[in-house]
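Some notes on the structure that comes next.
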Amino acid sequence: MEILSQDEIDQLLTPIGPDSAEDFRAAGNGFDTIEKFEEYLTKREFHPEKPYGIFDKDVSICRFFNSENNENILADIKKKNEEQGLGNIKIPNTDITLINYSFCPKCKSIYSFNDVMNYYKNPKPDARYKDKAQQFRNDTRVFCHNCNTYFLPSLIICDGTPKKEIQFLCRVQTVNAVEGFMLSYNIKVLTKEKNNIVQKNKFRAIKNDVSIRDLEEKPTLITNLIQYTPYHLIMNFIDGSNVSKGDLLFNEWREAS
């Protein structure tokens with residue numbers, strides 16, 4: 001799935017947060033210690049985030065903390081991720097692991113991280129989206145082909161035991177949501193800032209100029225950004241040095257179109 005171009009994202013999210021861009025960026029760029037970040041992810045209470053994406057209101061959300069057989073479902077997903085070598089993201093210098101919680105609420109079929117990623121690359125066509133690119137950005141559902149049911153997957157924050165759950169987003173949806181949220185405060189980041197686009201021969205990358213403190217009230221966006229960031233760059237994002245070090249978004253180079 002390609003990183004979004006400058007003109008690809010046209011759906012902005014409803015702004016929630018500070019009253020001005022100046023207030024919005026008043027905090028420091030990162031967390032002072034990894035312990036403070038652990039506490040942020042596992043103990044801090046947040047205002048509930050509305051589900052990201054455009055979909056029917058009656059679509060079921062995978063909920064760990066109020067679903068039956070949840071521990072067994074999570075264990076099965078974790079095992080399948082391990083067998084496929086994808087998912088179960090470990091945050092450096094912490095006991096925290098991020099595990100997708102993705103199963104069909106109707107027939108109970110489980111979906112691994114790889115299953116979900118493959119679906120997002122080739123979603124079931126939906127006429128409400130004007131083209132495939134718009135669906136990539138906004139259709140956060142997963143379709144269960146076993147019983148023809150849509151559901152929204154979650155991401156579980158574990159430190160030995162599950163502590164929090166937030167919505168699971170793919171890379172494109174994460175970028176779309178981060179850019180939309182920041183634009184609601186007239187702040188351009190990622191592909192919205194032209195200076196972030198790096199060209200090398202036929203390839204293109206995007207600088208990650210997002211400060212983690214700017215997203216502090218959006219744990220869904222922070223956590224999804226982390227799960228796609230390579231292990232050796234996660235700490236830079238957490239301590240805020242990703243901007244000064246010129247880290248690339250997901251450390252990805254894509255062939256320029």
For Ser244: the one exception among (1) closer than 20 Å to Ile34 by Cβ; (2) in contact with a strand residue (DSSP E or B) (Cβ under 8 Å, 6 or more places away or on another chain); (3) surrounded by fewer than 20 Cβ atoms within 10 Å (Cβ to Cβ): (2)
Restricting segment 201-225 to residues that are surrounded by fewer than 22 Cβ atoms within 10 Å (Cβ to Cβ) and of a type in the set (A, V, I, L, M, F, W, C), the residue that is nearest to the chain's Cα centre (by Cα): Leu215
Residues that are farther than 17 Å from Ile99 by Cα, among the acidic types (Asp, Glu) and out of contact with any Leu (no Cβ under 9 Å at 6 or more places or on another chain), drawn from segment 47-74: Asp56, Asp58, Glu68
In segment 54-97, the residues that are polar (S, T, N, Q), under 16 Å from Pro162 (Cβ atoms) and either assigned to a loop (DSSP other than H, G, I, E, B) or under 21 Å from the mean Cα position of the chain (by Cα) (or both): Asn66, Ser67, Asn69, Asn81, Asn88, Thr94, Thr97
Enumeration of residues in segment 96-131 that are within 17 Å of Leu169 (Cα to Cα) and charged (D, E, K, R): Asp115, Lys121, Lys124
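Matching residues to (1) under 19 Å from Ala75 (Cβ atoms); (2) within 18 Å of the chain's Cα centre (by Cα); (3) in a helix (DSSP H, G or I):
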site	(1), (2), (3)
Lys106	no, no, no
Lys130	no, no, no
Phe136	no, yes, yes
Thr140	no, yes, no
Leu155	yes, yes, no
Gln173	no, yes, yes
Phe181	no, yes, yes
Residue identified as modelled with pLDDT of 95 or more, among the small types (Gly, Ala, Ser) and either touching a Pro at 6+ places or on another chain (Cβ under 8 Å) or assigned by TED's automatic domain parsing to the domain that holds Lys43 (or both) among Ala177, Ala256: Ala177
Any hit, segment 159-171, residues being out of contact with any Cys (no Cβ under 9 Å at 6 or more places or on another chain), small (Gly, Ala, Ser) and either within 25 Å of Trp253 (Cβ to Cβ) or free of Cβ contacts under 8 Å to residues at least 12 places away in the same chain (or both): no
Asn186, sole failed condition from (1) more than 16 Å from the chain's Cα centre (by Cα); (2) not in a loop (DSSP other than H, G, I, E, B): (2)
Hits in segment 67-81 - residues which are surrounded by fewer than 19 Cβ atoms within 10 Å (Cβ to Cβ) and under 13 Å from Ser154 (Cα atoms): Ser67, Asn70, Ile73
Candidates Ile110, Ile89, Ile77, Ile99 - the one that is in contact (Cβ under 8 Å) with a residue 12 or more places away in the chain and touching a Leu at 6+ places or on another chain (Cβ under 6 Å): Ile89
Unique residue being closer than 21 Å to Gln84 by Cβ, free of Cβ contacts under 8 Å to residues at least 24 places away in the same chain and surrounded by 16 or more Cβ atoms within 10 Å (Cβ to Cβ) when the list is Pro230, Pro153, Pro123: Pro123
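The values are calculated or read from the model by the stated rules, or taken from the named source; none is laboratory data. Worth saying up front: this structure is predicted, and the values here are computed from it rather than measured. Note: ideal-geometry Cβ built from the backbone for every residue, glycine included; neighbour counts use all protein chains shown.
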